[in-house]
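Step one of this worksheet: look at the structure below.
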Amino acid sequence: MPSLNTVTGAKHARIYSVGTYRPRRVVTNAEVCELIDSTDEWIRERSGITERRWAGEGESVVDMAAEAAKIAVERAGIEPTDIGLIMLGTVSHPYAFPSASVEVGELIGARGAPALDFAAACAGFCYGVGMAADIIRGGSAKYILVIGVERLTDVVNEHDRGTAFLFADGAGAVVIGPSDTPGIGPIVWGGDGSQKDAITMTASLNDFRDGLVPDYPTAVMAGQQVFRWAVGEMPKATKEALEQAGITAADLDVFIPHQANNRITDALVRALDLPPNVKVARDIITTGNTSAASIPLAMDAMLQSGEAKSGDTALLIGFGSGLVHAAQVVTLP
Ligand code: UT7
């Protein structure tokens, strides 16, 4: 049997840049309350959200992802043709094939780059960052574009008071590449299929096609169940991510959890016993819950406002439908 060649890549990986796209249309709580039986006060108190962005014409999953990706590539100081892999996490791309990522590659001038979509719901961005770091260290790509993008308004029933006020649209992208020093800590990830019904769809597209259900399938969430799981289990994952990175909460500059609900963020901050100087992402207030896009959107907002700065040490955690989760410590671009 011949001995096969293998490759090894960079010693370490880091995030070079982040770019984002926020849909044009701002939707207030008052507007949402025209569609569901709710109040601005209830939505603010229970979720922290005051407004969100809903995508419109020219703002498809592919459009938004491409805009975010172009900014990330430009900020990374590389050419689109340098991209060695495009990984796109989403649960709301309306085509089974071809992948959104291969279309994004064409739109940004990265024709030829391998491309794949993957579904890890609200943990998608952290899954992507972890996989990209390993692929770069493994030597199969040098620069990887990791995108988290959602157009959740296509899969949410605007009249469902359990989800309509919460979910929203947007895109975030990062370029990950080789590094002399560690810029992405070990990933702590998992999944629990026994809770697959906690956030799911009302039916499959096949059921709808076959007339088995009257309405187009949309998201349905057991809000309290997910909330309890997040505040009960996610503190363990965040602590483990710190431990595996070899740091403590005192070493952190920034905490960027998935923007699921401000009260979940509050619970995580308390459980982690974060020092008061650690900046905490609260992008949900004006962005809503954008699933795979929420962490890069929040990261970019903090960097652009000056709340966080390049080189800061940040703890990330994504969690959602599956139920799945992923956490890691990163150095901000
Ligand atoms: O991103 C993926 C992961 N997803 C999450 O992490 C979401 C986790 N879950 C949540 O964030 C929260 O469960 C929600 C924000 C979705 C809901 O908040 P909650 O505090 O868990 O509300 P609840 O479902 O326990 O309902 C409390 C009350 C109920 O009334 P009673 O029984 O106390 O009289 C509901 O009927 O609020 C009522 N309610 C509403 N009232 C006004 C439920 N939805 C609404 C609404 N507006 N939209």
Segment 182-221 - residue that is away from the ligand (no atom under 16 Å from the Cβ) and charged (D, E, K, R) and, of those, farthest from residue 55 (Cα to Cα): 210
Has segment 62-78 got at least one residue that is part of a loop (DSSP other than H, G, I, E, B), open to solvent by 10 Å² or more (accessible area, probe 1.4 Å) and in contact with a helix residue (DSSP H, G or I) (Cβ under 9 Å, 6 or more places away or on another chain)? no
Against the definition (away from the ligand (no atom under 15 Å from the Cβ), farther than 18 Å from residue 317 by Cβ, in contact with a strand residue (DSSP E or B) (Cβ under 6 Å, 6 or more places away or on another chain) and polar (S, T, N, Q)), how does residue 179 come out, yes or no? yes
If you scan segment 140-176, which residues turn out to be farther than 22 Å from residue 100 by Cβ and open to solvent by less than 30 Å² (accessible area, probe 1.4 Å)? 163, 164, 165, 166
Residue count for segment 46-61, restricted to those that are out of contact with any His (no Cβ under 7 Å at 6 or more places or on another chain) and either part of a helix (DSSP H, G or I) or not assigned by TED's automatic domain parsing to the domain that holds residue 158 (or both): 2
Out of the residues in segment 239-262 that are part of a loop (DSSP other than H, G, I, E, B) and open to solvent by 50 Å² or more (accessible area, probe 1.4 Å), which is farthest from residue 285 (Cα to Cα)? 246
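Per-residue answers, yes or no, for (1) over 17 Å from the mean Cα position of the chain (by Cα); (2) among the β-branched types (Val, Ile, Thr); (3) assigned by TED's automatic domain parsing to the domain that holds residue 61; (4) part of a strand (DSSP E or B):
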residue	(1), (2), (3), (4)
295	no, yes, no, no
298	no, no, no, no
303	no, no, no, no
307	yes, no, no, no
310	yes, no, no, no
315	no, no, no, yes
318	no, no, no, yes
Residue tally, condition within 13 Å of the ligand (Cβ to nearest atom), over 10 Å from residue 318 (Cα atoms) and in a helix (DSSP H, G or I), over segment 280-292: 2
Flag for residue 43 being of a type outside the set (Ser, Thr, Tyr), in a helix (DSSP H, G or I) and farther than 22 Å from residue 120 by Cα: yes
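The values are calculated or read from the model by the stated rules, or taken from the named source; none is laboratory data. Remember, predicted model here, so these are calculated numbers, not experimental data. When we count neighbours, we look across all protein chains shown, and the Cβ atoms used for this are built from the backbone with ideal geometry, even at glycine. In case anyone asks, the SASA skips ligands and DNA or RNA and just uses the protein heavy atoms, side chains included. Shrake-Rupley method; radii C 1.70, N 1.55, O 1.52, S 1.80 Å.
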